[in-house]
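Asks: Please read through the structure below; I'll follow up with questions.
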């Protein structure tokens, strides 16, 4: 699954550690999500969307080439 997490995090001037602390994940987990090595659970995706005041669909999306 593709995502815009790194872009949103940069726009809000948050480090991976800052974001992880705010949503209850490790910096390593945030890094894995950003690198598309790990897809977050739905509850985690919702927490991220709420933090950035947007929808899950605006952050996470399927690759159109699948």
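Asks: Among the residues of the range 35-58, which ones are farther than 10 Å from residue 1 by Cα and touching a strand residue (DSSP E or B) at 6+ places or on another chain (Cβ under 9 Å)?
Replies: Within the range 35-58, 45, 48, 49 meet the criteria.
Asks: Give me a count of the residues in the range 37-60 that are in contact (Cβ under 8 Å) with a residue 24 or more places away in the chain, farther than 18 Å from residue 18 by Cβ and not in a loop (DSSP other than H, G, I, E, B).
Replies: Residues in the range 37-60 being in contact (Cβ under 8 Å) with a residue 24 or more places away in the chain, farther than 18 Å from residue 18 by Cβ and not in a loop (DSSP other than H, G, I, E, B): 2 in total.
Asks: Looking at (1) modelled with pLDDT under 95; (2) touching a helix residue (DSSP H, G or I) at 6+ places or on another chain (Cβ under 8 Å), find the lone condition where residue 64 falls short.
Replies: (2)
Asks: Does the range 12-31 contain any residue that is under 17 Å from residue 62 (Cβ atoms) and in a loop (DSSP other than H, G, I, E, B)?
Replies: no
Asks: Right, here's the next one. Looking for whichever is within 10 Å of the chain's Cα centre (by Cα), free of Cβ contacts under 8 Å to residues at least 60 places away in the same chain and closer than 20 Å to residue 55 by Cα here; the options are 3, 31. Which one fits? Write out each step before concluding.
Replies: Values: 31 fails: closer than 20 Å to residue 55 by Cα.
Just one listed residue meets the conditions, 3.
The values are calculated or read from the model by the stated rules, or taken from the named source; none is laboratory data. Because the structure is a prediction, the values reported are computed rather than measured. Backbone-built Cβ (ideal geometry, glycine too); neighbour counts: all protein chains shown.
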